[in-house]
1. What pairs in 129/185; 154/180; 97/123; 97/154 have C-alpha atoms more than 19 Å from each other?
2. How much length would be gained if the chain were fully extended between residue 54 and residue 128, taking 0.36 nm per residue of separation minus their Cα-Cα distance, in nm to one decimal?
3. What is the set of long-range amide H partners of residue 142 at a cut-off below 5 Å, with H atoms built 1.01 Å from backbone N?
4. Translational diffusion coefficient of the stretch 79-184 at 10 °C, 1.306 mPa s, Stokes-Einstein with Kirkwood Rh over Cα pairs, in µm²/s as a whole number.
Amino acid sequence: MKDEHKHNKEERNKEQSPENGKVPAAEKQGEKNEGDELEKWKLEAADYKDKYLRALAELNNTHKRTSKEKEDFAKYAASGMVNKLLPILDNFDMAVKAVPEGMDKNFVSGVVMIKNNLFETLKREGLEKIVSSGQKFDPLRHEVVGTVETNDEKLDGHIAEELRTGYAFKGITIRPAMVKISKKKHEESAQEAPAPFEEAGADSEGNPEPE
């Protein structure tokens, strides 16, 4: 009887032994919990990585934007001062054009030299004249104050006369050129005058003809 009981116990232990491919339920549950925990950490790690990459991209964008703003500020910081000096260039131009006959040539040459030196100094900072004469009208670079009629269709819409020099600073117009543009003259076709109205039965003097 004792031998039989011992034999049954050994058989149960043998069935529950890992060597027979059978794993206890508690051990299976533990492995499942560990797998769930590992998957949870993987998901959290992926989420943290995504947030890190997003933050890094935003930081790079902020750095680029800040650098661009600094470059733009340095690039156009002098435009305000340059714009204030443009009337002085205008005055020099008007003075040279209005030089009376008999004026000392050395004096005139000195004025021209000062004007050129001022312009060259501003040019090194980024100032440039807007070319107008003969150019196609550009609303971003020209300000129209009048028109000049022309019979040449090719000149229609082109600059006919520049009244005030325009300037750009580092590629941006700070003062448009004041100009007149050519406009094609439209010839009106001559219309024949209507024939005088004549009533039937009336002569040229308007009297009725005799019967």
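1. Checking Cα-Cα distances, 129/185; 97/123; 97/154 exceed 19 Å.
2. Computed gain between residue 54 and residue 128 is 22.3 nm.
3. Result for residue 142 returns 177.
4. 105
Read the figures in this text as sums done on the coordinates, not as results from a lab. Keep in mind the model is a prediction, meaning the values are calculated, not measured.
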